[in-house]
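Enquirer: Here it is, the structure in full.
What follows draws every value from the coordinates through simple rules; no lab data is involved. Note that this is a predicted model, so its numbers are computed, not measured. All Cβ positions, even for glycine, are placed from backbone atoms using ideal geometry, and neighbour counts span all protein chains on display.
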Amino acid sequence: MNQPILVTGGSGTLGRGVVARLLAADHQVRVLSRRSRPAGTPTAVRWVTGELVSGRGLAAVADVAVIVHCASSPLRPRVDIDGTRNLVNAARAGYRQGGHLAPDHAVGHRTWEQFLAEHVGRRGRAPASGRTVGGRR
């Protein structure tokens with residue numbers, strides 16, 4: 001796969017897990033996070049510090065194959081509403097060859113492996129697990 005996968009909220013609990021799984025499956029990973037790159041982050045990850053509500057850093061959507069949207073803040077609904085709206089608008093403007101916005105709670109796939117196989121294609125072997133995408137089995 002030539003294009004990276006963008007993970008928003010890649011420094012959060014869900015996002016860190018998604019990043020680890022993508023790296024284990026030999027995908028290029030780009031992270032968009034409010035936080036600075038944490039110590040110990042694999043050097044293979046391209047880190048972009050930004051903020052969805054303000055739009056800072058949304059250039060990170062350019063030329064990605066897929067966006068896995070893990071950024072959320074239940075205590076700050078504007079992050080979920082305005083931030084997601086800004087992300088979708090940036091994705092529409094930034095994609096040159098199409099792509100998929102994959103909110104963590106709305107993916108209709110049963111496992112990460114199914115999602116990656118359908119939307120990204122396989123490079124290497126994705127780790128087997130019983131974990132589901134968005135809590136579905």
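Enquirer: Sorting check: for 61-67, 41-47, 87-93, which peptide has the highest mean count of neighbouring beta carbons within 10 Å, and how do the rest follow?
Expert: Highest mean packing first, the order is 61-67, 87-93, 41-47.
Enquirer: Amide H neighbours of Val7 under 5 Å, at least 5 residues apart or on other chains, H built in the peptide plane: list them.
Expert: Amide H neighbours of Val7, under 5 Å, 5+ apart: Arg30, Val31, Leu32, Val68.
Enquirer: Also, I was wondering about something else. Which value in nm describes the separation of the simple spin-label points at Ala39 and Arg76, placed 7 Å from the Cα toward the beta carbon?
Expert: If labels sit at Ala39 and Arg76, their model points lie 2.5 nm apart.
Enquirer: Follow-up. Could you tell me the extents of the range 1-68's C-alpha atoms along the three principal axes, largest first, rounded to whole Å?
Expert: Cα spread of the range 1-68 along its principal axes, largest to smallest: 32, 26, 19 Å.
Enquirer: When the convex hull of the Cα atoms of the range 32-76 is projected onto a plane and the area is averaged over all directions, what value comes out in nm²?
Expert: 3.9
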